[in-house]
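Heads up: the structure comes next, in structure tokens.
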Amino acid sequence: MAKTLILETIASEMPTGVIVLDKNGTALYANTFFLKSFPVDGGVEGRHISSIMENANLLKTIDSFLEKRGGNSIDIEINDGSRHFNAHIVPLKDKGEFSLLLFLQDITEEKRVETIKKDFVANVSHELRTPLASIKGYSETLLDGGMDDKETLREFLRVIDRHATRMARLIDDLLILSRLESHQMAIVSAPMDLSELITSSTKGFEKQARDKGISITSEPTDELPKVLGDRDRLEQVMVNLLDNAIKYTPSGGRVLVRALKLDGGVRVDVVDTGIGIPAGDIPRIFERFYRVDKARSRELGGTGLGLAIVKHIIQGHNGRLQVESAPGKGSTFSFFLRSAG
Ligand SMILES: Nc1ncnc2c1ncn2[C@@H]1O[C@H](COP(=O)(O)OP(=O)(O)OP(=O)(O)O)[C@@H](O)[C@H]1O
Ligand SMILES: [Mg+2]
């Protein structure tokens, strides 16, 4: 096979942009990936690099290479609007002729993941610091003499206990999420009866609802086809959705669970008549740590991980998740699972 054909194919198929400049900074050649990433009407050949790319730092670096007509190859990161590239710049000398090769690798996705990781660590630290600061504050007050008064002692210990419980819950939820994400907590689907799950999980919340003056019911769900699901994980979904429905519904409200047989599967709705969610927040509520009203949710003991867990579990079932909500009227969270047959 002809070597030129091989080299041409590599250049046109590689997922890295390549552009070659002459000693004046005029483009001699660009490969397909470069042209796709930095489209220029009429192609790049014969154009100066400054009319092809805008990044000031990159242009300055190129200039200094052209002035020196040499140097060692270097890597710089450039930011082009919402995209990030790693530019590998290689000077080339051949029989007194000088040219510059630029390799541009799109690292937008890596940058995005890096930001998510940084935000995550910052969020976790913040969420742990808040209850820890309270535990420390209250225990210090007790040690400074506060515990001589029995009433104060009891009250402060209760606060300490509440914050410690919150921290333990946060860590439990984080472990569940991390196991789901790393697939250590595999979703093992088998044919299962959703009516039984609905009845039992609704029952589990009767006391919590009664204490808050909320009615909770599940509609009769006879004749549902069996679905493919992991019972334990789906129970977690029901618990998280019901917990939210009750938590975000004021006294006097209603919570209803119903299941509908649809084409190819079953949809479960958890309906509440609670405070609802503003339209602008709906796309974000499944993100880790996102809460519409941070202070309020924290007061209710929430960490903002419940719906992130729900989303992971439903995704792991290849199911669908949906929310409809109107502030002041209530919310309906629905998930769809495929039938087993
Ligand atoms: N049924 C609902 N009605 C109104 N708002 C809701 C409802 N469910 C969730 N939300 C909003 O979405 C946010 C995220 O919910 P999520 O379950 O992930 O976290 P949380 O309930 O705050 O904490 P956690 O579930 O970890 O205890 C909540 O803080 C709340 O603002
Ligand atoms: Mg929740």
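The values are calculated or read from the model by the stated rules, or taken from the named source; none is laboratory data. Quick caveat, the model's predicted, so the values are computed rather than measured. We place every Cβ from the backbone using ideal geometry, glycine too, and count neighbours over all the protein chains shown.
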Exercise for the section: For region 254-293, enumerate the residues that are crowded, with 16+ Cβ neighbours inside 10 Å, in contact (Cβ under 8 Å) with a residue 40 or more places away in the chain and out of contact with any strand residue (DSSP E or B) (no Cβ under 7 Å at 6 or more places or on another chain). Expected result: Ile275, Arg288, Phe289
Handout entry: Answer from Ser218, Ser251 - the residue that is free of Cβ contacts under 8 Å to residues at least 60 places away in the same chain, buried (at least 19 other Cβ atoms within 10 Å of the Cβ), outside the structural domain of Arg129 (by TED's automatic domain parsing) and away from ligand 1 (no atom under 12 Å from the Cβ)
Key = Ser218
Fill in the blank from the handout: Thr165 meets each of (1) β-branched (Val, Ile, Thr); (2) surrounded by 16 or more Cβ atoms within 10 Å (Cβ to Cβ); (3) within 30 Å of Thr141 (Cα to Cα) with one exception, condition (2)
Exercise for the section: Return the total of residues in region 151-200 being in a helix (DSSP H, G or I) and either in contact (Cβ under 8 Å) with a residue 40 or more places away in the chain or under 15 Å from Leu128 (Cα atoms) (or both). Expected result: 24
Exercise for the section: Could you please tell me which pairs satisfy a Cβ distance under 7 Å, a separation of 6+ or placement on different chains, a first residue in region 88-112 that is in a strand (DSSP E or B), and a second residue that is among the basic types (Lys, Arg) and surrounded by fewer than 17 Cβ atoms within 10 Å (Cβ to Cβ)? Expected result: Phe98/Lys23; Phe98/Arg69; Ser99/Lys23; Asp106/Arg83
Handout entry: Residues satisfying the stated conditions in region 1-31, i.e. surrounded by 10 or more Cβ atoms within 10 Å (Cβ to Cβ), without any contact (Cβ under 8 Å) to a residue 24 or more places away in the chain and within 29 Å of Gly70 (Cβ to Cβ)
Key = Leu7, Glu8, Ile10, Ala11, Met14, Thr26, Tyr29, Ala30, Asn31
Practice task
Just give me the residues in region 200-215 being surrounded by 15 or more Cβ atoms within 10 Å (Cβ to Cβ) and either charged (D, E, K, R) or touching a strand residue (DSSP E or B) at 6+ places or on another chain (Cβ under 7 Å) (or both), in sequence order.
Solution key: Thr202, Phe205, Ala209, Lys212, Ile214
